[in-house]
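Shown next, in structure tokens, is the structure this report addresses.
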Amino acid sequence: MANDGQLRSLLTPVHLGSMRLRNRVFVPGHTTNFGHRNEPTARLAAYHAERARGGVGLIITEAIRVHPTSAGRSISLGSFSDAVIPAYRAVTDAVHEHGARIFAQIMHAGRQANGDATRTAAWSSSPVPWAAGAHVPHAMGHRDVAVVVEAFAAAAGRMYRAGFDGLEVHAGHGHLLQQFLSPHTNQRADAYGGSLDNRLRLTREVLAAVLSAADLPVGLRVSADEFLPGGLDPDAVVEIVARLKHDFPLAYVHVSHSAYHGSYSLATQMADMSFGHAPFRHHAARFKREFPDLPVLAVCRLDSLPEAAELVAAGEADLVGLARPHIADPHLVNKAAEGRQHEARSCLACNQGCIGRLEASLPISCVVNPEVGAEREWRTAWRELASAAGGGRRVLVVGGGPAGLAAAVAARRAGHQVSLAEAGDDLGGQVAVAARVPGRERLGLLTRDLAAEIRSAGVDVRLGWRPGVDAVLAGGYEDVVVATGSRPARRPLPGGPPVLDLWQAVTDLVAPPGGTRLAGTFVVIDDEGTWAAASVAEGIARRGGRVHLVSPIAGVAARITTYSRLALLKRFADLRVAVHSMRTVRAVDATTVALTGPFADADTTLDDVTAVVDAGSAVAVDDLFRELDALPDGPTVHLVGDANAPRTALEAVYEGRLAGAFLGRHDTPAAELVSHAH
């Protein structure tokens, strides 16, 4: 962990060429889905303005697509005509108002541009789809290449007129320029394929056109390693950057990794909590050694400023990028500069509210920061709540999981007198159980941070108390927030092996105190395709158990984002976890089960089964709510989180925040505050 001196160095000014940045921290480009008709919106401007207000030195926009064949969806950003300039100017003005610099990242997605919405064919170097089942792209002709080069130049000119401080040409992440650079995707036999010089030709033409079109510093984003057989590796990408640096005045090289490919490679691009801290920092370090006079930007799973400061102190990078941590807490830099690093809200690297929602074509959110995408509305709401509290209401929150903790924090911030009752000996709820699973420990940061907030705010916390209706009424509370969570399912399997619910499986199999290696065969029934079953299956396998994951739905871990699922499947393969989709379990005898499916195949029999883990749908624990709701005259009752309906921590924290903030209000600006969910 960085010391105070290293952290101070991170927060000192730095230059990119002649441009001064107030510190070495930047927000790298990341998709938000806050666009409308491929233009930025006031919502996007407010989102970036909040991160600029939080003290970051540089913001790089999400990819601005230079041509309609790269648009994919209307909620992405594009630069297809001069009409977009005022909307981008609103973004740059909002960022500049708070002292940060902003660069526009320009790119063409190439073969993975989803043309279903626009009814266009994706363009690429060769007719090679990005994943099994994906559309075969159009192999670009020479006139197509000329169109793209001109589109990059036109986009650069528009971004210059929109007031951007610089440009980043995206030649990484398996997008179009990388598709030409990589021998894995480039199968051409013309002037744009074959030799490295030929594969570099399009990137050279794009850089020349961009530099001619805009008098701005231009950086290059690359993937140091594609993690693909026959693809680009660090040696090859170092050579590519060396040649481009020789011919063009690059302002910096932004070192990432991966290709947009339906394999483990894609999982590394948004490395989740299973990867550990800064798993790819060695790539930036390599480029800094090779190019000591070229500013190097490092990125990916830098979870906090102290951790990021390590790279600068070690001479591995000049600037460090934190995308997901800035989604979680836009004020990271100011908190650190003011000696309040301990108040920074932790990113979980869970990929749930950010990339998971993007896959569903929804705007990003965040498990730990439900205000993402509604920064203006929440800022206004908190200001009004603070001025209108007038002594506040007497509030009881029942339940110390994420929903209850979020409700207590919000209610206290809104000026109310808040007590929190938790039946257990510790706060955290089901998150505390899930965080015991190896590889999922960062989940515990959610409730750790919330617990610290409620204690700092002066919430009266009472552990070991499960209040009933009489206790609630005797307390004279005006509002009761019921956040009692849910309990795991455990369906009987008559005549079969022992059945454990998820909590028992974690305690007895995955993370037992002083546990030894497991022996035996374990069947995990997964009804929902979520992390609940997948992480328990992986945990049992890591302890030596032979695991069969059985699901009645098609696919594996279907509700886990692709970016995380591809890494999970690799770990399953390494651990020899057997997966049976579209199958259900029936007992044969005390140590045997049969797997039955909807097809004509014979049943699969599993012998010597030690135990079955039932990861079926959870059941809401809402008894207190129903009793209070039935009273003819009682406190106002608010039902949140899994007690409302079993879902995930994303919904729990969001509902808790809304309920706690607007207690006693009949004019909750719900339409404004929840609009980002649609």
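The values are calculated or read from the model by the stated rules, or taken from the named source; none is laboratory data. All figures in this text were calculated on a predicted structure; none of them were measured in a lab. Here Cβ is always computed from backbone atoms with ideal geometry, including for glycine, and neighbour counts include all displayed protein chains.
Just to be sure I understand the filter: pairs with C-beta atoms under 7 Å, separated by 6 or more residues or on different chains, first member in the stretch 265-281 and surrounded by fewer than 18 Cβ atoms within 10 Å (Cβ to Cβ), second member at pLDDT below 95 and part of a helix (DSSP H, G or I). Which pairs pass?
Pairs found: H277/E307.
Residues that are in a loop (DSSP other than H, G, I, E, B), surrounded by fewer than 22 Cβ atoms within 10 Å (Cβ to Cβ) and more than 32 Å from the chain's Cα centre (by Cα): does the stretch 224-244 have at least one?
No, the stretch 224-244 has no match at all.
Would you mind finding the one in R542, R559 that is touching a Ser or Thr at 6+ places or on another chain (Cβ under 6 Å) and under 23 Å from E441 (Cα atoms)? Steps first, please.
Values: R542 fails: touching a Ser or Thr at 6+ places or on another chain (Cβ under 6 Å).
Among R542, R559, only R559 is touching a Ser or Thr at 6+ places or on another chain (Cβ under 6 Å) and under 23 Å from E441 (Cα atoms).
Condition first: farther than 24 Å from P330 by Cα and hydrophobic (A, V, I, L, M, F, W, C). Now tell me which residues in the stretch 76-116 satisfy that.
F80, A83, V84, I85, M107, A109, A113
Yes/no matrix, rows are residues, columns are (1) outside the structural domain of S258 (by TED's automatic domain parsing); (2) modelled with pLDDT of 95 or more; (3) closer than 23 Å to N351 by Cα:
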site: S564; (1), (2), (3): yes, yes, yes
site: T591; (1), (2), (3): yes, yes, no
site: A602; (1), (2), (3): yes, no, no
site: A611; (1), (2), (3): yes, yes, no
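Do any residues in the stretch 88-107 that are on the phi > 0 side of the Ramachandran plot have Cβ atoms under 7 Å from those of residues that are buried (at least 18 other Cβ atoms within 10 Å of the Cβ) and in a helix (DSSP H, G or I), where the two are at least six apart or on different chains, and which pairs are they?
These pairs meet every condition: G99/A52.
With R188, R199, R158, R143 as the choices, which residue is closer than 24 Å to D235 by Cβ, assigned to a helix (DSSP H, G or I), modelled with pLDDT of 95 or more and not acidic (D, E)?
Numbers: R188 fails: assigned to a helix (DSSP H, G or I); R158 fails: closer than 24 Å to D235 by Cβ; R143 fails: closer than 24 Å to D235 by Cβ.
Result of the check over R188, R199, R158, R143: R199.
Out of the residues in the stretch 264-291 that are of a type in the set (A, V, I, L, M) and within 22 Å of the chain's Cα centre (by Cα), state the one that is nearest to C347 (Cα to Cα).
Here is the first cut: in the stretch 264-291, the residues of a type in the set (A, V, I, L, M) are 266-267, 270-271, 273, 278, 284-285.
Filter once more, keeping what is within 22 Å of the chain's Cα centre (by Cα): 266-267, 270-271, 273, 278, 284.
On the way: L266: 20, A267: 18, M270: 13, A271: 12, M273: 10, A278: 13, A284: 22 Å.
That would be M273.
Report whether or not R657 is outside the structural domain of L445 (by TED's automatic domain parsing), under 28 Å from the mean Cα position of the chain (by Cα), part of a helix (DSSP H, G or I) and in contact (Cβ under 8 Å) with a residue 40 or more places away in the chain.
For R657, the condition - outside the structural domain of L445 (by TED's automatic domain parsing), under 28 Å from the mean Cα position of the chain (by Cα), part of a helix (DSSP H, G or I) and in contact (Cβ under 8 Å) with a residue 40 or more places away in the chain - is not met.
Only one residue in S79, S74, S126 is crowded, with 22+ Cβ neighbours inside 10 Å and either over 30 Å from A191 (Cβ atoms) or in contact (Cβ under 8 Å) with a residue 40 or more places away in the chain (or both). Which one?
Just a single option satisfies the conditions, and that option is S79.
Of all residues in the stretch 511-552, count the ones that are farther than 24 Å from P598 by Cα and more than 27 Å from the chain's Cα centre (by Cα).
Of the residues in the stretch 511-552, 14 are farther than 24 Å from P598 by Cα and more than 27 Å from the chain's Cα centre (by Cα).
Say we look at the stretch 519-552 and pick out the residues that are under 22 Å from I355 (Cβ atoms) and in contact with a Lys or Arg (Cβ under 9 Å, 6 or more places away or on another chain); which of these is surrounded by the most Cβ atoms within 10 Å (Cβ to Cβ)?
A534
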